[in-house]
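Step one of this worksheet: look at the structure below.
The values are calculated or read from the model by the stated rules, or taken from the named source; none is laboratory data. In this text, all values refer to a predicted model and were calculated from it rather than measured experimentally. Cβ: placed from backbone, ideal geometry, glycine included. Neighbour counts: every protein chain shown.
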Amino acid sequence: MFALFHPELHAPFEALGYAGGYAAYSRARSSRGDLLSEDRRWLVIAAAAVGALLGSRFLGLLEQAPRLGLHWHDVFRFGGKTIVGGLLGGWIAVELTKALARMELRTGDLFAVPLCIGIAIGRIGCFLAGLPDDTYGTATSLPWGVDFGDGIRRHPTQLYEIVFLLALAWLLSKLSRRPHPSGMLFRVFLAAYLAWRLCIDFLKPEPHIAGMNVIQWACAAGLAALAVGELRNRKVANV
């Protein structure tokens, strides 16, 4: 049974996740169109990629530092596997880039479903990577608990997330076919994923600070920023 799990399986599924997400994005762009010009589209994509890289590594370092005794100069040697950091870093970078370029168009809707698909595929690799990936849950006596090789049955939180992401992708696809404000799909995706991680990470055996781990605190901050932004948008709309 334990032969199922190999750390080497993470990288190919991560690559498949990028490929699947990009394929879904290309399909969405061709079917629904894109109001951005070619140069501005690539500016946004580049900002998202750089912000995601920096955000994932920064938050990954903060997450691993208590266990590994890491220092700031280790930021590019460790981390980089934190999805929440990647999403928040990419979001912040895109918003800053749009503000500097004076771009008022909302650009995230086309990425909402592709992100669900890409992350879900990547989570298959997280599951198959087993214990070294550190994405498993706490011990459980539930019948679907999974022994990753150390004799302890744990919550397969990676599989829980795959199911959640597929359901979220279905919901976003339904919403995309109805009239909706520009940018709503991405905000729904980001809020739903951050709320999911805020809840599901209570089932993960990671160090906690005041009752929550580093990822959960980042999720809480992201949700607060989304709420403030939504209130500001509604205030502007009502003026």
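Numbers for the structure displayed
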| read-out | value |
| --- | --- |
| Members of segment 204-233 that are surrounded by 13 or more Cβ atoms within 10 Å (Cβ to Cβ), part of a loop (DSSP other than H, G, I, E, B) and either touching a Phe, Trp or Tyr at 6+ places or on another chain (Cβ under 7 Å) or in contact (Cβ under 8 Å) with a residue 60 or more places away in the chain (or both) | 204, 205, 206, 213 |
| Test set (1) touching a Leu at 6+ places or on another chain (Cβ under 6 Å); (2) in a helix (DSSP H, G or I); (3) more than 19 Å from residue 220 (Cα to Cα) - residue 114 fails condition number | (1) |
| Test: residue in segment 99-108 that is farther than 30 Å from residue 25 by Cα, surrounded by fewer than 21 Cβ atoms within 10 Å (Cβ to Cβ) and within 21 Å of the chain's Cα centre (by Cα) | no |
| Within segment 183-197, considering residues that are among the aliphatic types (A, V, I, L, M) and under 13 Å from residue 87 (Cβ atoms), the one surrounded by the most Cβ atoms within 10 Å (Cβ to Cβ) | 194 |
| Flag if residue 122 is in a helix (DSSP H, G or I), buried (at least 20 other Cβ atoms within 10 Å of the Cβ) and not acidic (Asp, Glu) | yes |
| Verdict on residue 151 being among the small types (Gly, Ala, Ser) and either touching a residue at least 24 places away in the same chain (Cβ under 8 Å) or at negative phi (or both) | no |
| Qualifying residue in segment 57-66 (condition: closer than 23 Å to residue 101 by Cβ and modelled with pLDDT of 80 or more) | no |
| Every pair of residues 6+ apart whose Cβ atoms lie under 9 Å, when the first sits in segment 17-32 and is closer than 21 Å to residue 175 by Cβ and touching a residue at least 24 places away in the same chain (Cβ under 8 Å) while the second is assigned to a helix (DSSP H, G or I) and basic (Lys, Arg) | 29/41 |
| In segment 149-203, the residues that are more than 19 Å from residue 89 (Cβ to Cβ), touching a helix residue (DSSP H, G or I) at 6+ places or on another chain (Cβ under 8 Å), part of a loop (DSSP other than H, G, I, E, B) and not charged (D, E, K, R) | 149, 155, 156, 182 |
